[in-house]
Every structure is written in C-alpha cells, then in structure tokens.
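Trainee: Following this message is one structure expressed as structure tokens.
The values are calculated or read from the model by the stated rules, or taken from the named source; none is laboratory data. The model shown is predicted, which means the values in this text are computed figures rather than measured ones. In this analysis, Cβ positions are derived from the backbone assuming ideal geometry, glycine residues included, and neighbour counts consider all displayed protein chains.
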Amino acid sequence: MPLSGTMLAAAAFAEQSAAIDLGVSRAPQSLSRQMQLGNGTGAGKADKVFSDRRTIAASANDDLDLAGVLLDAFGATITFARVKGLFIAAAAANTNNLIVGAAATNPWAALLGATGTLTVRPGGFVAVGTGQTDATGYTVTPSTGDMLRVTNGGAGSSVTYDIHIIGASA
C-alpha cells in the first residue's frame, strides 16, 4: 500500500520585548522544520506507518517491537528497517511522565543509545525526523536492536500516549 502526503513538522516561536523611550522594541524569533516524504524506501521516502493511542499501567512499560510485531491501520504486520520520523505525545491528563528508551533486551539504540532515555512530561511531546535527504534514517536491527520502550515514569496511575512512527521497509 503506497503512502502519500507523509509529513513531520515542528515549529517554535517566541517574541521578546522591552520598553524603550518612544515605544516598544520587539525581537521575534522562530524556528520551523518540516519533512515531506514520498512513497518508497530511499532518501526522502517512507513506506511504513504505525500510529496508535496506547495506555500503560502504573509502574509498567510498553515495549514496541519495530520489526515484525506492530500492525498498520489495515492489520498488516510492519517490519521497519529504518525509522525516518517518530512523534510521541503524552496525554495532558497524565499524572506521571513517560520515559522513552532503554529497553531491557534488544534495545533500539539508533536514537538514544542502548541506555539513554528521554522524559516526556504530561501534555508534552517529542518529534524526531531524519530529514528529506537522508536515506539511512534510524536503523532497526531485527532480533537484536528493535525494541522501543515507553515506560510509565511513576506509580499510582496509568498514562496514555499517542505515537506515530514513519519509516521504510528497506
């Protein structure tokens, strides 16, 4: 099934201001990036997508096997060879943080290293894209480097998060 219109985008804007003798001085600052991916497996292309809303029990974790276990929107098994974009958003109603990375076995180390983690606070998100000219992406190695762990960072309540992974099968 071909992909079309695949995009990952992020933007930030802030404006500093200060009163001056005859008015207000402003310094607007912005940064934005977007990545448009065509259908395929090479540079600037993707052919696999996983998207889901998931809930993790208190003090538990969610291990996502990127090679041969996840299902796409039509129920077909997905095997990522390369991840081109990753978006994880924690629900604002969460009490606990999400901890992303550092699976106990077969960690997907291409993004954060074998032991690295990233904290996503309630209502927060993280978006990572490889860029349109990158053919490599973040490599997935079946059986030895394919587990993305998302952990509930506390006890007492479950957490909910949305995840969207865009990648290529080769």
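Trainee: So is ALA93 assigned to a loop (DSSP other than H, G, I, E, B) and under 14 Å from the mean Cα position of the chain (by Cα) or not?
Mentor: Considered against the rule, which asks whether it is assigned to a loop (DSSP other than H, G, I, E, B) and under 14 Å from the mean Cα position of the chain (by Cα), ALA93 comes out as no.
Trainee: Got at least one residue in region 147-163 being within 26 Å of ARG33 (Cα to Cα) and outside any strand (DSSP E or B)?
Mentor: no
Trainee: Residues that are at pLDDT below 90 and charged (D, E, K, R): list the strands (runs of 3 or more DSSP E) wholly contained in region 1-56 that include at least 1 such residues.
Mentor: 23-39
Trainee: Something else now. List every residue pair whose Cβ atoms lie under 8 Å apart, where the two residues are 6 or more positions apart in sequence or sit on different chains, the first residue falls within region 65-79 and is in contact (Cβ under 8 Å) with a residue 12 or more places away in the chain and on the phi < 0 side of the Ramachandran plot, and the second residue, located anywhere, is part of a strand (DSSP E or B) and among the basic types (Lys, Arg).
Mentor: ASP72/LYS48; ILE78/LYS48; THR79/LYS48
Trainee: Of everything in region 80-110, what is without any contact (Cβ under 8 Å) to a residue 60 or more places away in the chain, under 16 Å from TYR161 (Cβ atoms) and surrounded by fewer than 16 Cβ atoms within 10 Å (Cβ to Cβ)? Give them in sequence order.
Mentor: Matches in region 80-110: ALA92 only.
Trainee: Which one of these is surrounded by 13 or more Cβ atoms within 10 Å (Cβ to Cβ), in contact (Cβ under 8 Å) with a residue 60 or more places away in the chain and under 15 Å from the mean Cα position of the chain (by Cα): ASP47, ASP52?
Mentor: Unique residue meeting the criteria: ASP52.
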